[in-house]
Amino acid sequence: MKNNNIVLIGMPGCGKSTLGVILAKMLCMDFVDVDLLIQRRIGTSLQAYIDRFGTDAFLAAEAETLEALEATHTVIATGGSAPLTAKGAARLTELGEVVFLDLPLPEIERRITNLHSRGIAMRPGETLADVYHHRLPYYRAIADRTVTVNGNDIAAAAAQLAEILKK
């Protein structure tokens, strides 16, 4: 693993943050949630920033936050939009082994009940399905590994991923 880091990417609701904490504990690693770093950097919630400045400004803030991130032996949970800019995608691959947590769209739609307050980088008029289909190629392009995380047992998915990564 590059820098001994594991970088989790995927759609909102796929479990990056929740699974990331469990995975970090299983592997005796540190944990960082990039969305929290962005909020600290911008001084407000993700949704408030997107509402005020727009999606492009948010993506730029996200890329800047990733650029400033220094981590070793850390599980890094990214925002779902992290790979959408060339700068962000390049930084993710520099930071560590990129793991795409693949969750089918119907399950994402079931899990996301706060679509308009969650801080998802969406353009006006876009649906969650639009976002999913737009982002999927970006996730696949930079992933070193893809793990399907369908179902509700996040601890089992973390244990499965830990076993894969130990090999």
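Would you confirm whether or not the stretch 28-39 contains a residue that is under 26 Å from Arg140 (Cβ atoms) and in contact with a His (Cβ under 9 Å, 6 or more places away or on another chain)? Checked against the condition, which is being under 26 Å from Arg140 (Cβ atoms) and in contact with a His (Cβ under 9 Å, 6 or more places away or on another chain), the stretch 28-39 yields at least one hit. Scan the stretch 146-159 for residues that are in contact with a strand residue (DSSP E or B) (Cβ under 7 Å, 6 or more places away or on another chain) and either surrounded by fewer than 14 Cβ atoms within 10 Å (Cβ to Cβ) or more than 12 Å from Cys14 (Cα to Cα) (or both) and the total you get is 2. Selection of the stretch 37-46 for residues being over 12 Å from Ala68 (Cβ atoms), of a type outside the set (Val, Ile, Thr) and surrounded by 14 or more Cβ atoms within 10 Å (Cβ to Cβ) yields Gln39, Ser45, Leu46.
Specify the residue that is nearest to Leu161 (Cα to Cα); the eligible residues are those in the stretch 20-29 that are surrounded by 18 or more Cβ atoms within 10 Å (Cβ to Cβ) and within 16 Å of the chain's Cα centre (by Cα). The extreme case among them is Leu23.
Could you figure out which of (1) farther than 20 Å from Ile142 by Cβ; (2) modelled with pLDDT under 95; (3) not aromatic (Phe, Trp, Tyr) isn't true of His73? All conditions pass for His73, except number (2).
Exactly one residue out of Val7, Val32, Val75 is in contact with a strand residue (DSSP E or B) (Cβ under 8 Å, 6 or more places away or on another chain), without any contact (Cβ under 8 Å) to a residue 60 or more places away in the chain and either surrounded by fewer than 22 Cβ atoms within 10 Å (Cβ to Cβ) or not hydroxyl-bearing (Ser, Thr, Tyr) (or both), and it is Val32.
If you scan the stretch 17-39, which residues turn out to be touching an Asp or Glu at 6+ places or on another chain (Cβ under 8 Å) and either basic (Lys, Arg) or more than 21 Å from Ala61 (Cα to Cα) (or both)? Even if it seems obvious, please write down each step before you answer.
To start, the set of residues in the stretch 17-39 that are touching an Asp or Glu at 6+ places or on another chain (Cβ under 8 Å) comprises 17, 20, 24, 34, 38.
Hits for the stretch 17-39 are Gly20, Ala24.
Against the numbered list (1) touching a residue at least 24 places away in the same chain (Cβ under 8 Å); (2) out of contact with any helix residue (DSSP H, G or I) (no Cβ under 7 Å at 6 or more places or on another chain); (3) of a type in the set (Gly, Ala, Ser); (4) closer than 16 Å to Ala141 by Cα, Gly88 comes up short only at (2). For the stretch 91-115, what are the residues that are hydrophobic (A, V, I, L, M, F, W, C) and free of Cβ contacts under 8 Å to residues at least 24 places away in the same chain? Answer for the stretch 91-115, where residues must be hydrophobic (A, V, I, L, M, F, W, C) and free of Cβ contacts under 8 Å to residues at least 24 places away in the same chain: just Leu115. Considering the conditions (1) more than 19 Å from Asn5 (Cβ to Cβ); (2) within 13 Å of the chain's Cα centre (by Cα); (3) not basic (Lys, Arg), Ala86 is excluded by exactly one of them, (2).
Condition check: surrounded by 12 or more Cβ atoms within 10 Å (Cβ to Cβ), in contact with a strand residue (DSSP E or B) (Cβ under 9 Å, 6 or more places away or on another chain) and under 18 Å from Leu95 (Cα atoms). Does Ala143 satisfy that?
Values: surrounded by 12 or more Cβ atoms within 10 Å (Cβ to Cβ): yes; in contact with a strand residue (DSSP E or B) (Cβ under 9 Å, 6 or more places away or on another chain): yes; under 18 Å from Leu95 (Cα atoms): yes.
So Ala143 fits the description; yes.
List pairs: first residue in the stretch 17-28 and assigned to a helix (DSSP H, G or I), second residue modelled with pLDDT of 95 or more and among the small types (Gly, Ala, Ser) anywhere in the structure, Cβ distance under 9 angstrom, at least six positions apart or on different chains. As it stands, the answer is Ser17/Ala77; Thr18/Ala77; Leu19/Ala77; Gly20/Ala77; Val21/Ala77, since those pairs meet every condition given.
The values are calculated or read from the model by the stated rules, or taken from the named source; none is laboratory data. The structure presented is a predicted model; accordingly, all values stated were derived computationally and were not measured. Heads up, the Cβs are rebuilt from the backbone with ideal geometry, glycines too, and the neighbour counts pull from every protein chain shown.
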